[in-house]
Amino acid sequence: MKTEPEVHRIAFVGNYLPRKCGIATFTSDLLAAVAGAHPKNECFAVSVNDGKADYQYPKEVRFEIAEQDLSSYLRAADFLNMNDVDIVCLQHEFGIYGGAAGAHIMALLRELRMPVVTTLHTVLRNPNADQRRVMQELVALSTRLVVMAASGRQMLQEIYNVPAAKIDLIPHGIPDVGFVDPAYFKGQLDMEGRMVMLTFGLLSPNKGIEHVLNALPPILVQFPELLYIVLGATHPNELREHGESYRSSLEQIVKQNKMERNVLFFNQFVDAENLKEFIGAADLYITPYLNAAQITSGTLACTFGSGKAVISTPYWHAKELLAEGRGILVPFADSTAIASEVIGLLSDDNRRETMRMNAHRIGREMIWSNVAKRYMKSFEASRLASAEMHGKLLVIRPAEQKPSALPALRLDHILRMTDSTGIFQHAIFSVPNFSEGYCTDDNARAFILATMLSESGEELERARTLAGTYAAFLYHAFNPKTGRFHNLMSFDRRWLDELGSEDSQGRAIWALGVGVGRSPYRSFQIMSGQLFTLALPVLRDFTSPRAWAFGLIGIHEYLRRLSGDSLVNQTRDTLTTRLMELFDRHSSSDWCWFESELSYDNAKLAHALILSGLDTGKADVLERGLASLHWLTKLQISDQGHFRPIGSNGFYRRGGIRAEFDQQPVEAQSMVAACLEAYHATSDPWWYEQAQCAFQWFTGRNDLGLELCSAETGACSDGLHLDRLNGNQGAESTLAFLISLAEMRATQERMITFIKPSFLKPTDDHQTHPDKTNFADSEAQPVARSATAVRARGL
C-alpha cells in the first residue's frame with residue numbers, strides 16, 4: 001500500500017522578531033501557528049540579519065544569515081541539508097536579501113535537497129531585469145508558491161508562466177479576536193466618548209498619511225471629538241536614510257491646522273497584545289497607501305479580519321479584499337474623497353456596523369489556525385511531489401561552473417587613501433603619497449566601485465559616503481567652458497593641467513554613466529546625468545580607441561535608465577563604427593586585434609563591442625567583440641594555465657617581442673570585466689572560467705606565485721616585477737582589484753541561465769570562441785551555449 005511521505009521538520013526562512021518589519025512579524029506568526037496546530041512537528045527559523053542591530057532572537061531561531069554575506073547563505077544551506085529538514089518555507093520579498101534584487105537567496109535555494117514552499121509577499125507586474133531574473137529562478141527552484149491574493153496568482157500565470165497547479169492561494173493570517181464593541185477598548189485606553197480612526201504600521205512616505213491629515217479639517221467640523229491615531233515606529237530604512245523628517249512633516253500639518261487634540265502619534269513598535277487593544281478601540285480603519293502595486297498588506301488583513309470598517313486607497317490587495325461593498329475605496333492622494341467617505345461612514349451607524357459584521361465573518365477564514373492548516377496541506381503536497389520524483393534533486397550547475405570562493409570585500413585601504421577631496425593617486429607601500437596628489441582617472445574608478453557597492457547593498461553607508469566624495473571631485477574637475485575634465489590635481493588642490501587626457505575623459509564618462517544607470521540614489525543619478533550630457537559631445541572628436549571604449553561602456557550604463565536619449569544613441573553608433581573600422585583595418589588571420597600593438601587596458605576594446613553588439617542587436621559587432629577577446633584571452637594564458645598579462649615594460653608590438661613584465665593589475669581587471677560580459681552574453685561557462693583565471697592573478701595564481709591583494713585591508717600591490725612584487729599599493733591597483741572582486745561577487749550571485757540573443761546562430765561544432773575565419777562566412781556565427789539543468793522539485 002502506497003503511503004504519503006510525512007512532514008516532521010519544517011524550517012522557516014525569512015526575517016524574524018524582534019527585527020522590526022512586517023515580514024519578521026509574519027514569519028514569527030506563521031511558525032507559531034504551524035507549531036501550535038501540529039505540536040508533534042519540529043518547527044524552527046533561519047533568520048536574516050541586516051547588520052543594523054544585535055537582535056536577541058528567541059530559541060526557535062536556530063541559524064542566522066548575514067544579509068549581505070553570500071557565503072552565509074551557503075552555510076545556511078549546509079545547515080538545513082545536514083539537519084534532515086523535510087520542508088523549507090521561504091518568505092520572499094526582493095528587499096530583505098542581499099545582492100541585486102535579493103539574488104543572494106538563490107545561492108541557498110540552489111543547494112537545498114528538500115522541497116521549498118515560497119510565500120511571495122510581492123509579485124511585480126513590471127519587474128526590472130534583475131527582478132525578473134530572480135523571480136524566474138525562484139519559481140524554478142520552488143516546489144510550490146503561495147500568494148495571498150487572487151491577483152497575485154493571476155500575475156504569476158500571465159507574466160511569469162507559472163502553472164496554476166503550482167500556486168496556492170492562502171490569505172494573510174490574523175489573530176483570532178471576538179466581535180467586540182469598540183467602547184470596551186476605548187474605556188481601557190481613556191478614549192471614552194470619542195470616534196476613533198486608526199492607521200498603523202511602520203511609518204514611511206509611501207504610506208500617504210499626509211492625505212488623511214489634510215482631510216481632517218472638514219471631518220472635524222462634523223465630528224469635533226474624532227481622534228485619529230497613527231500607530232507605529234518609523235521604518236528602520238527610512239530612519240537610516242532620512243531620520244524623522246517624514247514624521248516631522250506630518251506633525252507640522254497637525255500643528256498648522258491646530259489639530260493637536262485630534263491626532264495622536266505613537267512612535268513605537270507595539271506588541272500583539274497592545275495592538276489588539278488599539279484595533280479594538282477603532283471605529284474606522286484607514287490605509288491611504290500610495291503604491292498601487294502592493295499585493296499584500298498585513299495591517300489591512302489584520303484590521304479587516306478583526307471586524308473593522310475600512311477605507312482604503314485602491315492598491316491591489318485592498319481592491320480585492322474590499323470589493324463588493326466589503327469596504328470603501330478612495331482614489332490615491334485624494335484628501336477630498338477621504339473626507340467625504342469618512343464623514344459618510346461615521347454618520348451611518350447601520351452601514352458601519354454591517355461592514356464590521358461582514359468583515360469579521362469573512363475574517364474567520366483568515367485566522368492563523370486555519371491558515372496553518374492550509375500551509376500544512378501545501379507542505380504535504382510538496383513532499384509528495386518530491387517523493388514521486390524518487391526524492392532525487394538534479395544538480396543545477398555542472399561542476400566546472402561552480403564558483404570558487406572569493407575573498408571578503410574590505411574597504412580599509414580605500415578609506416585610508418581617501419580624504420575629503422578624493423582618493424590619492426599613489427601610495428608609499430600602504431601610506432598615501434600626498435606629494436603625487438589626486439587624479440580624475442582614479443576618482444572615476446572609485447566612483448564606479450562605490451556605486452556598484454551601493455547597488456548591491458554591500459557596505460551601504462560607507463559606500464554612499466565615498467560615492468559622494470568621488471562625485472564631488474568629478475564635478476569639480478569638469479570645465480564647462482571646454483567640455484573637458486582636468487585630470488591631475490596637487491595636494492593643495494591646484495589643477496596641474498589645462499586639459500586632461502582623452503582616456504581620463506572617457507573614464508569619467510564611464511563613471512558618470514554608472515552613476516545614472518546603477519546608483520540607487522536619485523541625487524547621484526541626476527548629477528551624473530547632467531554632467532554626462534555636458535561631457536559626452538567631445539568624445540566624438542577624440543582619436544584614442546580606449547577613450548572610445550570607456551565612453552561606450554559609460555553609454556551602455558547610461559542607457560540602462562535613459563534608453564530613449566537619441567543623442568547618446570547616435571554617439572554610440574558613431575564610436576562603435578569607429579572601433580569596427582579600426583578592427584577591420586588592423587586584424588588578420590594571426591593578429592585579431594584593433595591596433596598594431598597590445599598596450600594597456602587592452603580588453604576594454606573588446607568589452608565595448610560586446611556591449612554595443614548586445615544593446616543594438618548587431619551580430620557582426622558582437623562577433624568581433626567575442627573573437628577579439630577570445631584571441632586576447634588565449635594570448636594571455638601561460639603554458640601552466642594561469643593568466644599572464646602583457647607587460648608594461650615594452651608592451652607587445654605586432655611582429656616584435658612580447659614584454660612579460662611589469663604586469664599591471666588594470667590588465668587583470670579589464671580581462672575579468674570583459675570575460676564576465678562575454679559570459680552574460682553567451683551563457684558559455686568557458687568565459688566565466690577565463691574571468692576566474694584572470695581574477696586569480698590577484699590571489700597568487702601568477703608567474704611568481706605571489707598574492708597581490710590583502711585579505712585584511714582590500715589593498716593591492718602595484719604590479720609584478722620580474723623578481724618581486726611592487727610593494728606600493730596605489731589607487732589604480734587597489735581599485736582594479738576591488739572592482740574585479742565586486743564584479744565576480746555580483747556574477748556569482750546571479751549564476752543562472754541567460755537567454756541567448758536571438759541573432760546568434762549555432763555552428764556545427766558549437767563553438768562560442770570564434771576564430772578570425774568566422775567573419776568570412778556569414779553562416780558561421782557563435783552560439784550562446786546553454787549550461788543549465790532543471791532541478792526536479794516536483795515540477
Check your understanding: What number, in percent, do you get for the relative contact order of the range 124-269 if the mean sequence gap of Cα pairs under 8 Å and at least 6 apart is divided by its residue count?
Key -> 20
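Could you give the dipole magnitude of the range 187-284 about its Cα centre, charging the beta-carbon of Lys and Arg +1 and that of Asp and Glu -1, in debye to the nearest 20?
Working: 8 positive and 13 negative charges, 55 e Å.
Using Cβ point charges on Lys, Arg, Asp and Glu, the range 187-284 gives about 260 debye.
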Point to revise | Of the GluC sites (Glu not before Pro) in the range 461-503, those whose Cβ has at most 13 other Cβ within 10 Å and which sit in DSSP loop | key: Glu498
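Give the relative contact order (percent, whole number) for the range 541-669; include only Cα pairs under 8 Å separated by 6+ residues.
Values: 161 pairs, mean separation 26.4, N = 129.
Computed over the range 541-669, the figure is 20 percent.
What order, most packed first, do the peptides 16-22, 255-261 have when packing is the mean number of other Cβ atoms within 10 Å of each residue? Kindly include the intermediate steps, with their values, before the conclusion.
Working: 16-22: 20.3, 255-261: 11.7.
My ranking of the peptides, most packed first, is 16-22, 255-261.
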Review point. Using a 1.4 Å probe, what is the accessible area per residue for the range 570-634, in Å²?
Key: 31
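Out of the chymotrypsin sites (Phe, Trp or Tyr not before Pro) in the range 158-190, which ones are loop residues according to DSSP with at most 15 other C-beta atoms within 10 Å? Display every interim value, and only then the final one.
Working: sites: Tyr160, Phe179, Tyr184, Phe185; in loops: Tyr160, Phe179.
Of the chymotrypsin sites (Phe, Trp or Tyr not before Pro), the ones in loops of the range 158-190 whose Cβ has at most 15 other Cβ atoms within 10 Å are Phe179.
Per residue, how much accessible surface does the range 260-355 expose to a 1.4 Å probe? Answer in Å², no decimals.
38
Assigning unit charges at the beta carbon (Lys, Arg +1; Asp, Glu -1) and nothing else, what dipole magnitude in debye, to the nearest 20, does the chain show about its Cα centre? Intermediate results must be reported in sequence, preceding the final value.
Values: 78 positive and 92 negative charges, 298 e Å.
With Lys and Arg at +1 and Asp and Glu at -1, about 1440 debye.
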Check your understanding: Within the chain, what percent of beta bridges assigned by DSSP are antiparallel, to the nearest 5?
Key -> 25
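Averaging the inverse of every distinct alpha carbon separation and then flipping it gives the Kirkwood radius. What is it for the range 455-600, in angstrom units?
Values: mean 1/r = 0.0612 Å⁻¹.
One over the average 1/r among Cα pairs gives 16.3 Å for the range 455-600.
For the chain, what is the calculated [θ] at 222 nm in deg cm²/dmol (nearest 500), taking -39500 (n - 2.57) for each run of four or more DSSP H residues and dividing by its residue count?
Values: 27 runs with 362 residues, N = 795.
Per the formula, -14500 deg cm²/dmol.
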Exercise for review: Mind putting together the pair-distance distribution for the chain? All Cα pairs, 10 Å bins, whole percent per bin, short to long.
Suggested key: 2, 12, 20, 21, 18, 14, 8, 3, 1, 0
Check your understanding: Counting only the heavy atoms of the protein chains, how much of Thr699 is accessible to a 1.4 Å probe, in Å² to the nearest 10?
Key -> 50
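Please go through the residue pairs Lys20/Lys276; Lys207/Lys276; Lys52/Lys186 and name each one whose alpha carbons sit more than 27 Å apart in this structure. Each step should come with its number before you reach the end.
Numbers: Lys20/Lys276 18 Å; Lys207/Lys276 21 Å; Lys52/Lys186 36 Å.
Pairs exceeding the cut-off: Lys52/Lys186.
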**Study point:** Selected from Tyr688, His172, His242, residue furthest toward positive end of dipole (the chain; charges at beta carbon)
**Key:** His172
Study note, to complete from the structure: At the level of C-alpha centres, the distance separating the range 255-325 and the range 465-516, in angstrom, is 50
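Tally up the carbon and sulfur contribution to the accessible surface of the range 35-93 as a whole percent, 1.4 Å probe, everything protein left in place. Write down the numbers at each step before the final one.
On the way: 1350 of 2770 Å².
Summing carbon and sulfur atoms, their accessible area is 49 percent of the total for the range 35-93.
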Study note, to complete from the structure: Bounding extents of the range 126-178 in its principal axis frame from Cα atoms, largest first in Å, are 46, 23, 19
Check your understanding: If you average the sequence gap of Cα pairs under 8 Å that are 6 or more apart and divide by the length of the chain, what percent do you get for the contact order?
Key -> 10
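Quick one: dipole size for the range 209-343, taken about the Cα centre, charges +1 on Lys/Arg Cβ and -1 on Asp/Glu Cβ, in debye to the nearest 20. Kindly include the intermediate steps, with their values, before the conclusion.
Details: 9 positive and 15 negative charges, 21 e Å.
Once rounded to the nearest 20, the dipole reads 100 debye.
Please identify every one of the trypsin sites (Lys or Arg not before Pro) in the range 53-116 that sits in a loop by DSSP and has no more than 11 other beta carbons within 10 Å of its own beta carbon. Numbers along the way, then the final one.
Details: sites: Lys59, Arg62, Arg75, Arg110, Arg113; in loops: Lys59, Arg113.
In loop regions of the range 53-116 (DSSP not H, G, I, E or B), the sparsely surrounded trypsin sites (Lys or Arg not before Pro) are Lys59.
Which order do Ser151, Ser628 take by accessible area at a 1.4 Å probe, largest first?
Numbers: Ser151 25, Ser628 0 Å².
Descending order: Ser151, Ser628.
The values are calculated or read from the model by the stated rules, or taken from the named source; none is laboratory data. Computed from a prediction, not measured in an experiment: that's the story for all the values here. Glycine gets a Cβ as well: all are built from the backbone with ideal geometry, and neighbour counts include every protein chain shown. These accessible areas exclude ligands, DNA and RNA; they are computed on the full protein's heavy atoms, side chains included. Shrake-Rupley method; radii C 1.70, N 1.55, O 1.52, S 1.80 Å.
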